[in-house]
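We did not get these values from a lab; they are worked out from the coordinates using the rules stated. Just so it is clear, the model here is predicted, and its values are computed rather than measured. Cβ placement follows ideal geometry from the backbone for every residue including glycine, while neighbour counts extend to all protein chains displayed.
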Amino acid sequence: MHDAITVEKGGKPAACICTEPFTTTAKAVAKLRGLEDYPFAVVPHPIGTLEDDDLMARARQALPQVLQILQAK
């Protein structure tokens, strides 16, 4: 979340992808950075232990959310 907001504040569109257990933290970081309603994509947890094919499936799952976020900017 921090990185996406930093990129946004630098003038470039960005989208954060977060796993479900970290949505509360993502919202808190956005609020602390002054963007309480900053949108982000959410995918199931975990992603760090996934094989490439499963990780690609999560990326495909996130894609519509990411496109929606970026197109709204």
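Of note:
- The residue that is surrounded by the fewest Cβ atoms within 10 Å (Cβ to Cβ), among those in the range 28-58 that are over 16 Å from D3 (Cβ atoms) and under 11 Å from the mean Cα position of the chain (by Cα), is V42.
- Selection from the range 41-67 of residues that are free of Cβ contacts under 8 Å to residues at least 40 places away in the same chain, among the hydrophobic types (A, V, I, L, M, F, W, C) and not in a strand (DSSP E or B): I47, L50, L55, M56, A57, A59, L63, L67
- Of the residues in the range 20-32, not one is aliphatic (A, V, I, L, M) and not in a helix (DSSP H, G or I).
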